[in-house]
Amino acid sequence: MRRALARAARAIDGERRARGVAIDARARATTTTRTRTRDDGDGGRARARALATTPSREDDGRRGEIAIDRSGLRRALEGRARAGDAREEGTRGGLLGHLERAMKFAGGSIPVSEYVRECLTHPEYGYYMRDADVFGKKGDFVTSPEISQVFGELIGVWAALQYEALGSPDTLRIVEFGPGRGTLMADLLRGTRKFAKFRDAVSVHLIEVSPALRKTQAKTLRCGELETTAAEGNARFVVPKNVLENETDATGDAGGSSGDAPVGEAHTRGKSEINGAEVFWHDGLESVPRGPTLVICHEFFDALPVRQFQRTERGWCEKLITIDSGLVAEDGEDVSGESSGASRRDLEMVLSPGPTPASHMLVSRRLKGIPKEKADSLRLIELSPPSMTLWDALVDRIEKNSGAVLAIDYGEEGPLGNTLEAIKDHKFVHVLDSPGEADLSAYVDFGALRQIVEEKPQSGVKCYGPVTQQQLLLSLGLVPRLEKLVENASSEAQADELVQGCERLVGDGAGDPESGVAPGMGSRYKAIAMVSRGLPKPVGF
Ligand code: SAH
């Protein structure tokens, strides 16, 4: 045990020295260590090995510009439609067939965001909607809560401190977006259960699109029997509604209920044996009942769709996805970041012939306040409208109900270029390969989120960060917590595992795929927070 403790001390010393080390986005883009890493252990808790690869990314938009001739596309699609149903041909079934139809009715192409949304959350073919576990042994990546129990415990400390800052109210809604396997929430509830006032106030509200993951979450939270209630009008809950489809009415105003149950929708509920809290599953924020609210989003925003815009002589055009237009072959280059000679794929990235309403609105909004020289140098901008809509709804929510929001993810201050990436079977693949079978994610533009709060000074909501995950976790007491766990470890091996997990959470190392050393997450992951009017700056920021 002494050896492990000595290691812990060394590691932590290293982390302290490493504090404040900034990363260079461009270096990261070329040397990469992927943020999501594969899990080769058992049950997702075992240490994961780094996935290192050379990403195929276009990061400065300096490639050739291609305008699409929509009429030609439409002709191509019509021709194929005449040739017979894609499914019958045995070529374009599943998600590809669905995308093809969507493109056909959208005039030949769809924005990148629509592609990402369908790939991740299409009710039948979406990556997150499969029964297969995307995390853990057979999954594609491992996340911080799956690496170490300390992560969820420290988020619990953060939540408890915010609860006190709120004046220890009698009820507290803890909302988590995209809880994955439910591990973070389980560790949070376990870590805080001795804090009686907090425990008695808490109800848990999980916003999750995947029916399979909802089941896993119920199991992780030890909810036992679940109860599914009819909504108003007697509709029964069948499939969760996608929060993205509701984005415009996510006002965060949850009607008049004062109880814990969701407002106005069919819902599933259970009771966690971990701390006795009631647990509810929701389709979106709007059904979470009123009252002081803490919101946690861990690796959620990176899973929300992005749009991409490219500067051209015609102004900011939008990258679109089309099917088999033949344009790539003709021009010999594409806009997707890979040479067209590489491999033949059904889908292609093209540019809109001119600026689109989205490029007009979103790009100019994002560039507001950016120094002119910097703005002029940008060739490519990636933005996530659903992330911004949700952040805006969260501002409203805590403005009206009081509370705080904590989001942790990989990302940068922004504005960002092309950061969209895909992982399938532990390897990076092209984002247009294997739709629905690869995990798609993009870096979070933290600056775009903060801008939303700054544009609403009347809300009284204050936004802090981004700070590094390293700074947040060390401020929340990672070191003493780890020391305690190591002291109580039942074996040297367990102590080692605890130390290595924490090293990984706050470390900065690039990792070594050869020897199986995972890259550190301490700087690449960042945290951003918001608190409602009058609350002090949250710990860690
Ligand atoms: N927070 C977890 C899981 C991150 S993966 C962890 O850190 O381990 C992203 C999670 O968000 C998954 O649970 C996924 O099913 C969910 N998700 C993705 N898109 C969603 C959407 N549009 N609405 C609700 N949940 C979504």
- Item | Condition check for LEU161: surrounded by 21 or more Cβ atoms within 10 Å (Cβ to Cβ) and aliphatic (A, V, I, L, M) | no
- Message: Looking only at the range 296-313, how many residues end up being among the charged types (D, E, K, R) and more than 9 Å from the ligand (Cβ to nearest atom)?
- Response: 3
- Odd one out for LYS400, checked against (1) surrounded by fewer than 19 Cβ atoms within 10 Å (Cβ to Cβ); (2) in contact with a Cys (Cβ under 8 Å, 6 or more places away or on another chain); (3) farther than 27 Å from LEU380 by Cα: (2)
- Query: Is at least one residue of the range 192-206 within 16 Å of the ligand (Cβ to nearest atom) and either small (Gly, Ala, Ser) or in a loop (DSSP other than H, G, I, E, B) (or both)?
  - Reply: no
- Query: Just a yes or no: is a residue in the range 285-292 assigned to a strand (DSSP E or B) and either crowded, with 23+ Cβ neighbours inside 10 Å or among the small types (Gly, Ala, Ser) (or both)?
  - Reply: no
- Checked the range 108-128 for anything part of a helix (DSSP H, G or I), within 11 Å of the ligand (Cβ to nearest atom) and open to solvent by less than 20 Å² (accessible area, probe 1.4 Å); matches are VAL116, CYS119, LEU120, TYR127
- Among GLY178, GLY156, GLY182, which is within 10 Å of the ligand (Cβ to nearest atom), open to solvent by less than 10 Å² (accessible area, probe 1.4 Å) and touching a residue at least 12 places away in the same chain (Cβ under 8 Å)? GLY182
- Item | Within the range 367-466, strands (runs of 3 or more DSSP E) holding 3 or more residues that are touching a helix residue (DSSP H, G or I) at 6+ places or on another chain (Cβ under 7 Å) and within 30 Å of ASP131 (Cβ to Cβ) | 403-412, 439-441
- Taking the range 207-235 on its own, how many of its residues are open to solvent by 10 Å² or more (accessible area, probe 1.4 Å), of a type in the set (S, T, N, Q) and either within 16 Å of the ligand (Cβ to nearest atom) or modelled with pLDDT of 95 or more (or both)? 2
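The values are calculated or read from the model by the stated rules, or taken from the named source; none is laboratory data. Note that the structure is predicted; figures quoted are calculated from it, not measured. No Cβ is skipped: glycine too gets one built from the backbone with ideal geometry, and neighbour counts run over all protein chains shown. Side chains are part of the model used for accessible areas, which takes the heavy atoms of the whole protein and leaves out ligands, DNA and RNA. Shrake-Rupley method; radii C 1.70, N 1.55, O 1.52, S 1.80 Å.
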